[in-house]
Structure formats: C-alpha cells, structure tokens
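Presented below is the structure to which this report refers.
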Amino acid sequence: MSSKRNLPPNHCVITYLFRNLSGLAVGNPSGDESKVGTNLEANHDVVVVGAGPAGLATAYYLRDLGLDIQVLEAGSDIGGRTLSRDLAGAPVNTGAMFIYRGTRAESLAAELGIRTAPFHPGTYGVHVDGVTSVASSTAEVVDALPLPDESKQALAEFMESVSREYNANTSEGAITENAAGLVNETVAERLAHLPGPARSVIETAVRGGAVGDATQLSAKYALRYLASYIVHEQDNRLYPVDGMQSLPRALAGRCGSTTTITTNARVSSVRERDGLFEVLADHGGESKVLTARHVVMAVPAPLLAGISVGLPDWKLEALKAAETPGSTTLTVAANVDGLEGIADWSFVSTVGKKFDAIINPLPGTVPPDGIVRFTCYGNSAGFLPGIENDEARINEWVEELLEVAPELRGRIAGAVAATWEHCFSVLSPKRNDALPELRRSIGNLHFAGDYTSETAGSHGAYEEGHRVAQLLRAELSVPA
C-alpha cells in the first residue's frame, strides 16, 4: 500500500478544476481544512470511476485501510443526481429527493450527522384535463376529476386495491418479504383492464414517482414509488433539509487522508495490462494515465461498455437489462402566504404536462418567509440538454405548473431546472433477474451503482458502495 500526504485522519484531498455547479462552497465538502492537489499519473491501490453515491461510499468504507484511492469524477461536482441548488434562500434537490428509512442512506445520514425531517403527507392529488384535485381520501380525489363515470369507478377501485396490497406487504414503511413474488410482475399487467382515462392517470403517476413506465416497473417497487403516496405513508421517507448533496459531501470530507477526489476528470478507457489496470482520463485538457490494482466502475450502466475495454458478452448482455433513462426536473419556489391548502400538497400526478408529478417534500410546513418549494419531475420528458440555462424553456415549464396551480401566479420567487442523461436504473423484472451478473466482478474490475442494486436510486447506490468495499476488504484480507 502506498503512503500519501500527512493530513488529519478521516480527511481526503479534493481537487476542483472549476467552481462547482451547485453554487455551494467548494473545497472540502465537510467544511474542514484539507490540502488540495492531484496525483494523477501514479500507481494507486484503487481507482474509483465516478464520485456519485456508490463511488464515494466505496471510498468511505475503505477509509481506515491506508489505501491509495483515487476517485475520478467527469463532472465539476460530486454526488451525481443528488445535486442540490440554492433557490430563494434555501437548498433544494434537483434530482433524488428523499432518504429512505431502513436503507444504507439512512444509516449514513445518522452516522454523519445529516439533518433530516420526516415526509408526512396528508393528501394525494391528480391533475387531468384542466382540473386539479387534491384531497385526503381517494374518494374525494377521484370524485372531482373530469373523467367518465366508468373511469372514475375503475380508478377508485384500483387505488383502493393498491392501498390494500401496500398494507399487506409493508411494515412501518418498509417492504417486507411478503412482496417477494411481486418482483416478476409489472405494473402494466395490473392496468390492462382499466379504461383509457383511468389508465393514463396511473401511468403518469408511475412515471412521476419511478422514472420508468408501467411496462417496466415491477409491482414490488410500485409499492414504494406509487402506492406509498396514495396511502400517505408516514414512515418511509426523510427529507435532508440541507439538500440531498449534503450526504455525499459529508462522505467525501471523511473518506480518509489517503483518498483523492478529482473532479473534471473524464475517464475514456479502462483496460487491464500485465496484471494492473490502466485508466485513461482527461483532466484540464491533458490526458493522464493512471494504474491501479483494483478499479471500481461507479458510473451509470449505459456508460460502461464505452469505457471498460473488452467486457465479456455475459456482462454486456446483463447491462442491456439495466435501462437507465433520462429525466428533467424543475423546482419552483412560491410564496403561499394566505393560500389555503396548497402547502399541504405532497404528490400530485399531472396528466399531459411536460412533467409527470409535483412533489412538495415538506407538506404542511410553511417557513417564516412563506416560501414553499415544489419539484416537478419530468421523467417522460427525458434528457433536455441546456434547459438549465434556457430561460424560455424554464418559463414554459413554470407556465405548465401554473396551469396545475393557478393560485401561484404572481407568487413565484424563483425556479431552477436540472436534467440528467442517465437518471435512475429502472426497477424492472428483467433487471432484477440480471442482478447477479451486473454485480459480478471481472477479476479486479468491480461494479457498483444504482444499476447493481435491488432497490436502485441513491439509497441503493450507497448500499452497493458498501458491498464493493466489503468485497475489496475480503480480497485484501482486512477485517471490516
């Protein structure tokens, strides 16, 4: 194992080539002092490609070993889709929204002192054909919708059946073993009998909550990403009040003095040569070649075949099952002083809009300044490059929000957009079947990400970082 700079224990070297895009302070994400530098053309024990939740968790769980670990991030900031931005004086999440209870993300948040607030919804909502219906009961929500009677009845019955299934397969907000058989069934199979208008309402809600469509999402994970909103689950989500990115920042700041995290370092190839891996990266316009004993690929599944040279057919076939579509979000801050009810919105599906759902992560809470922040999830919109700085397109999305919530007109305090080419690995039956091959290492080339996780999402990625770290500890014969 190689030795590195003499830094305080549990601190790492972090190199930023440019100011990060979140508008938050750069440097050591923990707020503590550390040296800044790179060591890009040296031999390393471990190179981690990607500084999202999986990559950072891998480094964090190896922090006590004194390994020379180099984490390379193509973007200008760490944390991947946990990106948080400041909007009207408070952090907002532009991608991943919640820390799920009972997951690795929750245990890390507790360990690292991340401030959280519970998500306590009291309503559910649907917008369709110009009508927004938000209420505390399924009957009230459906009754106000401009749907044919047949569709109303079918929609109400479906939502009630989903609620019963949720209660039978969860305990204190967590999915139980009772739901194991649902993993091989898609939501679409449940919707086949519904009239078209009712089916559209549920299909939109699925896209809004889970990125994938109803033909992809397994019935098991529809419990989390659809049914839990309908039943107003109180125990499964935590909102990080300083932003989702506060967790990866805390991880990065405590990943050990022998770990270096370098942003704006785009890896173009990883290949094995003479028992070591050669990692080719571009940093600051210069090509760098790193060598390492172990490499951890912690980037979205669609990128792997283009980076990892010579992947075997079985791995390439497994990666095809890890569909990871794009997504776009718009978060809007609005002053709700004097408005009745809108602060109680939690999840509203929006049929026929540029976005599929609106989430208020702190329903029922109005800050002293009266500003509530709503995130519009445009999962069906996919990846929209350039929208972040396109005022005209942002205004189009804001106008669509105002069609759903016209009472907010004249009250908008700000808006921020974000877009992701590879957002969230779809929780499909076929990906679940491919998990053993997705996780399987190829010699000392390891794979970690939401695509290798049963649950996907950032919470799944943290778990996969832990799994790969434990695998490396075992190979290095170091106890956990």
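Below are the figures for this structure:
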| read-out | value |
| --- | --- |
| Qualifying residue in the range 375-387 (condition: surrounded by 19 or more Cβ atoms within 10 Å (Cβ to Cβ), more than 24 Å from SER107 (Cα to Cα) and over 18 Å from the mean Cα position of the chain (by Cα)) | yes |
| Hey, TYR225 in contact (Cβ under 8 Å) with a residue 12 or more places away in the chain, aromatic (Phe, Trp, Tyr) and more than 18 Å from THR82 (Cβ to Cβ) or not | no |
| The range 312-328, residues that are hydrophobic (A, V, I, L, M, F, W, C) and surrounded by fewer than 20 Cβ atoms within 10 Å (Cβ to Cβ) | TRP314, LEU316 |
| The range 98-138, residues that are under 30 Å from PRO148 (Cβ atoms) and part of a loop (DSSP other than H, G, I, E, B) | PRO121, GLY122, THR123, ASP129, GLY130, SER136, SER137 |
| Selection count where residues are within 20 Å of ARG85 (Cβ to Cβ) and assigned to a loop (DSSP other than H, G, I, E, B), scope the range 337-369 | 8 |
| Flag for ALA54 being of a type in the set (A, V, I, L, M), in contact with a Leu (Cβ under 9 Å, 6 or more places away or on another chain) and at pLDDT 95 or above | no |
| Any hit, the range 102-113, residues being surrounded by fewer than 16 Cβ atoms within 10 Å (Cβ to Cβ), among the small types (Gly, Ala, Ser) and either touching a Leu at 6+ places or on another chain (Cβ under 6 Å) or without any contact (Cβ under 8 Å) to a residue 24 or more places away in the chain (or both) | yes |
| Residues satisfying the stated conditions in the range 352-363, i.e. surrounded by fewer than 19 Cβ atoms within 10 Å (Cβ to Cβ) and either more than 24 Å from the chain's Cα centre (by Cα) or closer than 15 Å to VAL126 by Cβ (or both) | GLY352 |
| For ALA305: the one exception among (1) in a helix (DSSP H, G or I); (2) within 17 Å of the chain's Cα centre (by Cα); (3) among the aliphatic types (A, V, I, L, M) | (2) |
| Qualifying residue in the range 462-474 (condition: without any contact (Cβ under 8 Å) to a residue 24 or more places away in the chain and over 28 Å from LYS220 (Cα atoms)) | yes |
| Any hit, the range 63-80, residues being small (Gly, Ala, Ser), at pLDDT below 95 and closer than 21 Å to LYS288 by Cα | no |
| Matching entry among GLU396, GLU400, GLU407, GLU437 (being assigned by TED's automatic domain parsing to the domain that holds VAL46 and assigned to a helix (DSSP H, G or I)) | GLU437 |
| In the range 120-132, residue surrounded by the fewest Cβ atoms within 10 Å (Cβ to Cβ) [restricted to those that are within 20 Å of SER161 (Cα to Cα) and not hydrophobic (A, V, I, L, M, F, W, C)] | GLY122 |
| Residue that is farthest from ARG249 (Cα to Cα) [pool: residues in the range 96-117 that are among the β-branched types (Val, Ile, Thr) and under 14 Å from the mean Cα position of the chain (by Cα)] | THR103 |
| Residue check, THR138 of a type outside the set (A, V, I, L, M), buried (at least 16 other Cβ atoms within 10 Å of the Cβ) and within 28 Å of THR94 (Cα to Cα) | no |
| Residue, nearest to VAL48 (Cα to Cα), within the range 263-302, restricted to residues that are in a loop (DSSP other than H, G, I, E, B) and at pLDDT 95 or above | ALA298 |
| Number of positions in the range 57-83 that are assigned to a loop (DSSP other than H, G, I, E, B) and touching a Cys at 6+ places or on another chain (Cβ under 7 Å) | 1 |
| Test result for ALA214, assigned by TED's automatic domain parsing to the domain that holds THR132, outside any helix (DSSP H, G or I) and either at pLDDT below 95 or of a type in the set (Ser, Thr, Tyr) (or both) | yes |
| Number of the condition not met by THR419 [criteria: (1) in contact (Cβ under 8 Å) with a residue 24 or more places away in the chain; (2) farther than 24 Å from ALA174 by Cβ; (3) more than 17 Å from the chain's Cα centre (by Cα)] | (3) |
| Matching entry among LEU311, LEU384 (being modelled with pLDDT of 95 or more, in a loop (DSSP other than H, G, I, E, B) and under 30 Å from ASN43 (Cβ atoms)) | LEU311 |
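One line per residue, one yes/no per condition, for (1) within 21 Å of ARG81 (Cα to Cα); (2) among the small types (Gly, Ala, Ser); (3) touching a residue at least 40 places away in the same chain (Cβ under 8 Å):
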site	(1), (2), (3)
ASP235	no, no, yes
LEU238	yes, no, yes
SER246	yes, yes, yes
LEU251	yes, no, yes
VAL267	yes, no, yes
VAL279	no, no, yes
GLY285	no, yes, no
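Table: residues versus (1) in contact with a helix residue (DSSP H, G or I) (Cβ under 9 Å, 6 or more places away or on another chain); (2) crowded, with 21+ Cβ neighbours inside 10 Å; (3) among the aromatic types (Phe, Trp, Tyr).
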| position | (1), (2), (3) |
| --- | --- |
| ILE412 | yes, no, no |
| GLU421 | yes, no, no |
| ASP433 | yes, no, no |
| ALA469 | yes, yes, no |
| LEU476 | no, no, no |
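The values are calculated or read from the model by the stated rules, or taken from the named source; none is laboratory data. Since the model is a prediction, treat every value here as computed from it, not as a measurement. Positions of Cβ are backbone-derived with ideal geometry, glycine not excepted, and every protein chain shown enters the neighbour counts.
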